[in-house]
Amino acid sequence: MQLLSWLQKNWSVANFRRVPCPECGHSSPNEANTRMKGLTVLSLLLWLCAAYFVGIYLFVGGFLLVRLEVNRTSTCEDVLQPGEGPRDFCQTQPRFRKAVVLIVDALKIDFARFDPTRTTPRPYENKLPVLEETVSSRPTQSRLYPFRADPPTTTMQRIKGFTTGSLPTFVDVGNNFASSAILEDNLIHQLGQMGKRVVFMGDDTWENLFPKKFYRSLPFPSFNVKDLDTVDNGILQHLYTTMVGDDWDVLVAHFLGVDHCGHRFGPDHPAMADKLTQMDGVIRSVIDRLQNDTLLVVMGDHGMTDTGDHGGESQKETDAALFLYSPSPVFPGPPSQDEPDVVPQTDLVPTLALLLGIPIPFSNVGQVLLPLFPPPQTGGAVTRLSQLEALWINTKQVNRFLETYSGLAKDITPEILSELKAEFSRLSSEYLSTVREGRPPPPHLASSLQAYLTSVRDTCRATWARFNPVKMAAGLALLMFACLMCFVMSELSMVLTEEKRAGLKAPTAVAVTVGVGVAAAQLLARGYVEAAWCLAAGTFSSEVLFLCRAWRLNSPAVLKNGAKASKLSRWMSLRRLLLPSLVVLLLRCASLLSDSYVIYEGRVVTFLLLSLALCIPIHLNWNGHLLPPTPDPLKCAGLLPSPTLSPAAIRKESSTVLGCLGVLVICGYFSLSFHGCREEQGFCQPSPFLSPLSRLQDNQLKNLYYILSVISLAVCAYFLRLCLCHYGNLNSSGRTAFTARWILPLLCICTGLHWAVSATPEDGFRNLAELIRVAQLALPRAAFGLLGVGLSLIFVDPLTVFVKTRTAASARSSALPLPRYRASTGISPQAELRHLIPQIYQRMRRSLEDGELSGGAEEDNRPAVEAYGLGTVYSAPVLLFCGLLGIGLLLLHPEGMTLSFLLLLLEMGALLHIHASSTALSGSPRSTSGGFNVPWTPVVVWSLAATQFFHATGHLPTFPSIQWGAAFVGFPDGHAGTILPAFLVTLNTFASHILFAVGCPLLLFWPLVREVRGGRGGRGCGEEGEDAVMEMRLRENPHQFSAALLQLSTRYLFILGAQVFSSVCAAAILRRHLMVWKVFAPKLMFEASGFLVSSVFLLIGVTLVLRIDVAVGRWFKRLIPDVSR
């Protein structure tokens, strides 16, 4: 009778329309009404994402620093005209005929200093004694200075800085992997123009920046940070033989071993001591081979942090070393107090130019290093430039650049520009009058010229922002309307998934029309088309049209299934907008406008997540749902409505909520142990788990970390298989079950073996070196292959349902079997009885209509047809997809992050169980009119968890925290291009965003997966409740399924978009803030990138759900030809 009542009840479901059956004349459900509106859902989400993308693109285009490059070059004629007759500077004898420039990548100043009092120096200390010995023994021939770089401290930008003398902009950091040729005037170009033979060897970045500019070039691949020796050894094979020869004028050698050692092991490692000792020997050998007319420059392009990274603007990253030496005296004496304490990198450009007798590059804003030039002389022959002459040449060049640039860019304020022009006019008159009259220059003239050069550089640094306020405002407007549209769409999901109300045709047509119109107008007015404004106009018009149509929905719309859509006034009611979840979201967005909150974002997000999760049981208790009610005789007598759940079920679900809340708190607490550290956090120590095992020197500690990592990986795989096995999804013989049974464990094995091989010291097993090298290449690639095959199999065949037919006990049963389906959790009868799912199909309907049910009952009351895994047919493939993807992403992280990924899995499970139990306790209706909506609270908590584990996997919204080693997992020899390494680094950086975005549909499925059997209908008073049909409710209500999926996706996109909008507002409002380029601009870049990645993988997750629904429909068609559900 229980089965019969369920069937009779579901037979009258409102979303089925009875139509004649062509075979038997009976009515069958209308196939069109049992399909999800998958195309509608996907098209709406794509449109939303496109609106966000255009808004981000437009704002970023108007915000990021873009400096106008002046493509003009300096010549000999415009260098120096101190007197009445012009003096050809290029024809004078330069101070040095040759120069050797040794660039030791990441040679920080701490590596160059020598402290004899340290008896037990660290691996990077006192390993370059040649520098200190030379400075001490030959003070007139050498100097050692701190060499300060301008951020971003990445190699390509630094090369550009100390060859052009210009200041890089923030957006230049994005070009570090795709180095394009330098078009501005630079030292290499000027040397070539003057006939100097420039020979280069080392980092192949130079070849990309200066194509066909070298007399001879020996580039070596630079991107493989695990390779410490290839570049350095290649240089050493040619360096000394080249120096002995006479076919060069300037020799540039760029060593990479120190930088790569820092990336791979960190500075505090014996390998760093070996590389610095090698560099010490190189410098000694070069000094011994120098001639008197040759200048030696040993320099670092940037420094490194305590973890070996760089890219930011901390002092450890910006302060490199600069060592100058010549066999002949070049300095007047030992270092004096007048000499600079720190030399900016841009100052090297005019200094080298004048010492080598070439014009200073046109765009240079640096100033000459005066100790390398003699003081002014009043009598005798002048054989080389004096300090004052060098300053005048430098000042005249900088003023010429300032005049040219200000005439082109118009971004320097007129007041400052007029002050600088007036100051130069005064200094020019004073200097020229001194030269004409032949009198000694006044003492203050040199310092005045230096002050002018400093003022120009500071002005350029402050004004090279070129913010485009129109683009920024347009981007803000588009993002604001996209957020509003996303919120409205989440509230109108039931209406928008109606076939005739999707409403995308008109907005798309308007967007295309407006975009084409703007393009035509630009072409007629300007003669060219700027695509950004065409996209902006089309997006804005479509957004406005959609919002106008939504505003007209003031009356509730009655849907096909009888449900009523929300009224507009109900969306924007203050009560709905002040939900605790939305208040927490508002606090989260507001915190992005504070640099302190951004710096400590990891802890702030963890606090907000736990606070919001704690509100769930408080809210349940406030409404009287957390504890079972007092028994009331009137309810059992039927005089009052029965409780939704029985007391036992309430106690069970309450225990689940409180227990999972405890797990959530524990996971949140321990996740803080995996955070990295920002420079602004003072004495913060980064997590030891962030270091790869190869960096650890203690073998016992290395073994312990490895064992913990492998155990954590095994626990993750075990929990995943346990969940699938519990709900009977592994009984299937399909491709998805094959993936869970075989590909998942094989992927874990490859990952564990890869960790073991990567942690092996290079000199540990010399006899097996070749085998280890092959394993480092083969194991991760095999894992990537297994991952790709597994994910593809899930998409191709996502079903995890196993059907078993039992032999009928009687002749009548055999003649007319009574099929019934259950989504069993396993083979055992006890497990089967927990998840019985009856399904309507043709033969059961005939039995009901013909009254033949009496002969169909089986002796043991068990169903004739059992379908294992049917109750979790949607969630199981999504869960397995997330699990496989998580292990693949784990492969790109340090081994110690496995513990963090285990915490991520536990927290994800705890959040799902809290959501499911709270839904059951609150008695959310799942009838046809109620829908399957997911409240705001679990969606907000889900998004906060994604940000929490962004930090808990060692990431920070700073460029130095990017884990570049991910690009070489499976590619130890480097890459031929830049797309693949950038893709791998992106997957590593946004791993948590990816997992939570793909797993977002689980919030819709999990309350159905954990649906309480017999929980509805007064079970507590002795009545028989209905069966827990789990996810088959979605198949019975396809329109509400589509609406719920659209609502969940748009709510998640709204939360992500609100955070991006807040970051955009912070960057726009605080664009002149002291911390804008250190805190707010990087945060904007990471937030926008995280949104792009999350939205793409959210679409992948939704597409997977739609693919599963199509597969389920086909499965039912094959099983029951007349019914398509």
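For the reader, a short list of remarks on this structure follows.
- Segment ILE1100-ARG113, extension gain: residue separation times 0.36 nm, minus the distance between their alpha carbons: 350.0 nm
- Anisotropy class assigned to the range 163-315 is oblate, per the alpha carbon gyration tensor with a/c at or over the 1.5 cut-off and a/b no larger than b/c.
- Calculated FRET value between ASP458 and CYS684, using beta carbons and R₀ = 35 Å, to 0.05: 0.65
- Accessible carbon and sulfur surface of the range 143-300 relative to its total accessible area, %, 1.4 Å: 50
- Gained length - ARG651 relative to GLN700, 0.36 nm times residue gap less alpha-carbon distance: 13.0 nm
- Packing-based ranking of 53-62, 676-685 yields 53-62, 676-685, ordered from highest to lowest mean Cβ neighbour count within 10 Å.
- Remark: for residue pairs LYS98/LYS196; LYS160/LYS410; LYS98/LYS213; LYS108/LYS160; LYS226/LYS275, the C-alpha separation exceeds 21 Å in LYS160/LYS410.
- Legend: calculated FRET efficiency, LEU523 to CYS76, from the Cβ-Cβ distance at R0 = 56 Å, rounded to 0.05, equals 0.80.
- Stokes-Einstein diffusion for the range 197-256 at 10 °C, viscosity 1.306 mPa s, with a Kirkwood radius from C-alpha pairs, works out to 136 µm²/s.
- Around the Cα centre of the range 171-310, unit charges on the Cβ atoms of Lys, Arg, Asp and Glu (plus for the first two, minus for the last two) sum to a dipole of about 360 debye.
- Whole-Hz ³J(HN,Hα) from phi, Karplus 6.51 cos²θ - 1.76 cosθ + 1.60, for the range 428-444, glycine and proline x: 5, 5, 5, 5, 5, 5, 5, 5, 5, 7, x, 9, x, x, x, x, 7
- Listed cross-link partners LYS316/LYS471; LYS316/LYS1078; LYS421/LYS471 are compared with a 25 Å cut-off, the Cα-Cα value being larger for LYS316/LYS471; LYS421/LYS471.
- Residue-level accessible surface for PHE546, protein heavy atoms, 1.4 Å, Å²: 10
- Sorting TYR215, TYR240 by accessible area puts them as TYR215, TYR240; the probe is 1.4 Å, largest comes first, and only protein heavy atoms count.
- Charge tally around GLU680: other residues with Cβ under 10 Å, Lys/Arg +1 each, Asp/Glu -1 each, net 0.
- Modelled label positions at VAL583 and VAL544, each set 7 Å beyond Cα in the direction of Cβ, lie 3.7 nm from each other.
- Subtracting the Cα-Cα distance of ILE749 and TYR718 from 0.36 nm times their residue separation leaves 9.9 nm of extension gain.
- Model label sites at ALA422 and ALA976, defined 7 Å from Cα along the beta-carbon direction, differ in position by 6.2 nm.
- The dipole here belongs to the range 459-548: it is taken about the Cα centre, uses +1 on the Cβ of Lys and Arg and -1 on the Cβ of Asp and Glu, and is about 380 debye.
- Once backbone amide H atoms are built at 1.01 Å from N, SER217 has PHE200 as its partners under 5 Å, excluding neighbours fewer than 5 places away on the same chain.
- In this simple spin-label approximation, GLU530 and THR508 carry label points 7 Å from Cα along the Cα→Cβ vector, and these lie 2.9 nm apart.
- Gyration tensor (alpha-carbon) shape descriptor, the range 717-756, a/c threshold 1.5: oblate
- With the whole protein complex present, TRP1115 retains an accessible surface near 30 Å², based on a 1.4 Å probe.
- Between the amide H of ARG148 and those of ALA320, VAL343, GLN345, distances stay under 5 Å, these residues lying 5 or more places away or on another chain, with hydrogens modeled in the peptide plane.
- Tensor-based shape of the range 645-716 (alpha-carbon gyration tensor, a/c under 1.5 rounded, otherwise prolate or oblate): oblate
The values are calculated or read from the model by the stated rules, or taken from the named source; none is laboratory data. Everything numeric here is computed off the predicted structure, so don't read it as measured data. Please note: Cβ atoms are built from the backbone with ideal geometry, for glycine as well, and neighbour counts cover all protein chains shown. Accessible surface is based on the protein model in full, side chains and every heavy atom, while ligands, DNA and RNA are left aside. Shrake-Rupley method; radii C 1.70, N 1.55, O 1.52, S 1.80 Å.
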